[in-house]
Amino acid sequence: MTFRPVRIKKPLLVLDSTGTPPLYRRMFPRHQLEVDPAWCRLQAKVVQICDQSMPLATLKSKQKLKQVQKLVTAIIKQRKPVRGVLVVARRDVLKRMTLPGSVQQIYYGAQRGSRKFEKCHTVILVGAAEPGPEQIAAQAEALLHRPVSRTRRDQERAYAYPSSPGKSYGTQVKVYPHALHQALLERVREGEMTQAAYRIRPLESKPDGMVFVLSSLPLDLLPPDELLPLEELRDRFDQSGSERSGRVH
């Protein structure tokens, strides 16, 4: 598989809510790239865990998946009366989960542009939308016309979360050394998670809307209103699924 840059002399307007500049620079090398981030404030509340990225390898554990499923079920029970709940995860994870039949379910990568779930007021993202390393490496090599390193390193990445004096919030994220390779990863990983959350239209007026991100991966277009460890989120829901009061940072 090889790629040849698009050679168009006319100006281009690209509308892409999760676009990555390094990818477009490679696709359109003769154009000067100008990025206009059209950021809008979310109307829905975003609650995110900050201590576990929840990749596929973690969710392959029967014990971990059982714990996560119990939490998801509790959230569903508490949020179900609020006009619908959508659960999103990798296809292989969803197949191993047992959820109430009335709950909407869809896997990462199968929901871009869909308005089917816009009446839902709650979306639960279960784990990270981590693609296979060979899939991303093959795309990078097709664009660069040379082999790329599969080795990743840890990098501190901040959350789009208000910092207090002397305190900032961030986590370690796996990144590739080449910018284009990393851009391809983020287009799938961060991009699909953001797209999934946007299926309930959180930019619209939904004062009771909620997005639960069960992964510590920072998502720039989903700034968290609450950031807390998984255990604290689990403690917030009792066995009846009722959410306890209190805000935890």
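General observations
- Test: residue 204 is in a loop (DSSP other than H, G, I, E, B), in contact (Cβ under 8 Å) with a residue 12 or more places away in the chain and over 18 Å from the mean Cα position of the chain (by Cα): yes
- Being over 18 Å from residue 199 (Cβ atoms) and either in a loop (DSSP other than H, G, I, E, B) or over 14 Å from the mean Cα position of the chain (by Cα) (or both) is a property that residue 134 has.
- Hits in the range 96-118 - residues which are closer than 23 Å to residue 71 by Cα and not in a strand (DSSP E or B): 96, 97, 98, 99, 100, 101, 102, 103, 108, 117
- Qualifying residue in the range 54-63 (condition: surrounded by 15 or more Cβ atoms within 10 Å (Cβ to Cβ), touching a residue at least 40 places away in the same chain (Cβ under 8 Å) and outside any helix (DSSP H, G or I)): yes
- Any hit, the range 157-171, residues being outside any helix (DSSP H, G or I), in contact (Cβ under 8 Å) with a residue 12 or more places away in the chain, charged (D, E, K, R) and crowded, with 16+ Cβ neighbours inside 10 Å: no
Here, each number is a calculation from the coordinates, and none is a lab measurement. For clarity, every value in this text was computed on a predicted model and none was experimentally measured. Cβ sites come from the backbone with ideal geometry, for glycine too, and all protein chains shown count toward neighbours.
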